[in-house]
Amino acid sequence: MRVADPFIAELEMEATITKRVLERVPEAHLAWRPHARSSSLGQLALHVASLPQQLTEFVAGDSLDFAAAGTRQRSTTSISNWPNTMATGRKTA
């Protein structure tokens, strides 16, 4: 058993729960903000959906460039692609 195996199993379990939660995010309310200075619901949901991919890139990479990470543009206009966003990170783990 590899050292990473328990972590991978936990991430798979968390991904199942996260996917279920993201499927319940109403597309009609993606622009809603709990506070004027907060991120929108769509931005927050997309952030959660992309965490597995970001974790994989972090673990697999030789270096970490925080400046480049903030330049990626992601669309929050549709939730139909969020499961694919999550799956991308899990496939490479």
| said: Under a crude label model (7 Å from the Cα following the beta-carbon direction), how far is ALA9 from SER38 in nanometres? | reply: 3.6 nm
| Between HIS29 and GLN54, how many nm apart are label points set 7 Å from Cα along the C-beta direction? | 2.3 nm
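None of the figures in this text is laboratory data; all of them are computed from the coordinates on show. Note that this is a predicted model, so its numbers are computed, not measured. FYI the Cβ positions are ideal-geometry reconstructions off the backbone, even for glycines, and counts take in every protein chain you see.
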